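Shown next, in structure tokens, is the structure this report addresses.
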Amino acid sequence: INQIFHHPKFRRVTITVKDVIVPFLILLSLNTIVLICWTAISPLKWERVHTDARDDFGRPLDSTGRCTVENNKGLPFVVLLLIINMAVLLLANIQAYQARTITVEFSESKYIGIINASILQAGIIGGPLLVIAGSEPSAFVLTA
């Protein structure tokens, strides 16, 4: 929409499938490359931890398991994924802001802005919660 309404000569501009699919494929490729490198360089390993609770025969009564990374080697990959995807979210917000004056019949920027704000809100609230509850397995499980 921005390409059409903010074009200097306001002439007919055709948006092709290629104009949409290329940014999508670039983002998909970047995420895939980072995840493949993470898996190759520092793969996650399953770790089971038994609690101190034992039965009469000395067998553990409870245990928790989760995937772990050795010596926080996965942190650079998480940061890189966050940077890539937050940059895309920022660019989407910029595009929605630039298209805010276009009439609603031609633009959905208001709704895209609301969606982007929801994603940002989920990240702002969910990110710290994941860090705080990182060592508590029951925090990641919803039960009825």
Would you be able to say whether some residue in the range 31-45 is over 29 Å from Val88 (Cβ atoms), open to solvent by less than 100 Å² (accessible area, probe 1.4 Å) and not aliphatic (A, V, I, L, M)?
yes
Pair list, Cβ under 8 Å, 6 or more apart: the range 88-112 residue within 27 Å of Ser29 (Cβ to Cβ) and of a type in the set (A, V, I, L, M), other residue open to solvent by less than 90 Å² (accessible area, probe 1.4 Å) and at pLDDT below 75:
Ala96/Ser109; Ala99/Ile1; Ala99/Asn2; Ala99/Phe5; Ala99/Ser107; Ala99/Ser109
Those residues that are surrounded by 13 or more Cβ atoms within 10 Å (Cβ to Cβ) and at pLDDT 70 or above, I need them from the range 118-144; list them, please.
Ile119, Leu120, Gly123
Residue hits (the range 36-92; polar (S, T, N, Q) and part of a helix (DSSP H, G or I)) are Thr39, Asn71, Asn72, Asn85
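The values are calculated or read from the model by the stated rules, or taken from the named source; none is laboratory data. All values reported here derive from a predicted model rather than from experimental measurement. Glycine also receives a Cβ, built like all others from the backbone with ideal geometry; neighbour counts cover every protein chain displayed. For accessibility, only protein heavy atoms count, side chains too; no ligands or nucleic acids. Shrake-Rupley method; radii C 1.70, N 1.55, O 1.52, S 1.80 Å.
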